[in-house]
Amino acid sequence: MVIQSLIDTLEQKVQQLQHAYSSKLEEKILAKFDRTLFSENGQTVSFYFSEIQQTLEKIKSLHSTDFNHYRFITEHLLKQCSVLSEALNRKNNRIIPPKPSESAKPKASHNVHKLPPRERLGKYYEALEQLNHLYQQQCDLIHVETNPEVQQKAMRLAEGYKLRRQKCQDAIDLLEEYLAFKEQQENKPNSEK
């Protein structure tokens, strides 16, 4: 069943996200989240993962013939994962702030998560391209730099960009699967007529 396949994929992606931040579960996040996404602000990472898990459980326990029910809750889950990941990345970036390169564009507005899925996918691809570029810059710097301190800093930055690049790719994969599922559901009634 297509819905079960989507649920399995969502569950896998949530587990990957939890695994990526498993060392930070007791850290508090001071970011203010939209009240429609999380019930409280200023809580620990594990609290937010618990709420994401509750949303996933809602999807798993939903037995509806209306695809829009699944779409609504899935979009909610994707937004929860995106804003939590963004807040954690911002927190990580405060520890080692990267120097803005001349070619780097300003960080995308957080309104990207309010965009329709297709437009959001385009923004994610732009972000992935930018992260690839920044990662490559640091890798190049590692190979040409002779100062060990600068090399170490470039290695840390490269590792950070690599992690963010992977998260961005995971978000793209999840959104593409969701859009393919949505398209399949929209075409289904036409083919049955």
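Compute the angle between helix 117-144 and the longest alpha-carbon principal axis of the chain, please, reported from 0 to 90 degrees and rounded to the nearest 10.
Once rounded, the angle reads 20 degrees.
Note the angle between two axes, namely the Cα long axis of helix 148-192 and the longest principal axis of the Cα atoms of the chain, as a number of degrees from 0 to 90, rounded to the nearest 10.
Relative to the chain, helix 148-192 is tipped by roughly 20 degrees.
Using Cα-Cα distances under 8 Å and only pairs 6 or more residues apart, what relative contact order does the chain have, in percent?
Once divided by the residue count of the chain, the mean separation gives 20 percent.
If you stretched the chain out fully between residue 166 and residue 65, how much longer would it get, using 0.36 nm times the residue separation minus the C-alpha to C-alpha distance?
33.0 nm
Grab the other residues whose beta carbon is less than 9 angstrom from that of residue 45, score K and R as +1, D and E as -1, and report the net.
Here the charged neighbours net out to 0.
Counting helices only, and only those DSSP H runs with n ≥ 4, report the 222 nm mean residue ellipticity of the chain as the sum of -39,500 (n - 2.57) divided by its residues, in deg cm²/dmol to the nearest 500.
Mean residue ellipticity at 222 nm (helix-derived): -25500 deg cm²/dmol.
Given a 1.4 Å probe and every protein chain left where it sits, what share in percent of the accessible area of the stretch 115-183 is carbon and sulfur?
Accessible surface attributable to carbon and sulfur in the stretch 115-183 totals 52 percent.
At 1.4 Å probe size, put 153, 58, 162 in order of accessible surface, largest to smallest.
58, 162, 153
Which entries of 114/182; 79/167; 79/153; 79/123; 13/60 show an alpha-carbon separation above 20 angstrom in the structure shown?
As for pairs spanning more than 20 Å Cα to Cα, those are 79/153.
The values are calculated or read from the model by the stated rules, or taken from the named source; none is laboratory data. Quick caveat: nothing in here was measured; it's all calculated off a predicted structure. Using ideal geometry, Cβ is built from the backbone for each residue, glycine included, and neighbour counts are taken over all protein chains shown. For accessibility, only protein heavy atoms count, side chains too; no ligands or nucleic acids. Shrake-Rupley method; radii C 1.70, N 1.55, O 1.52, S 1.80 Å.
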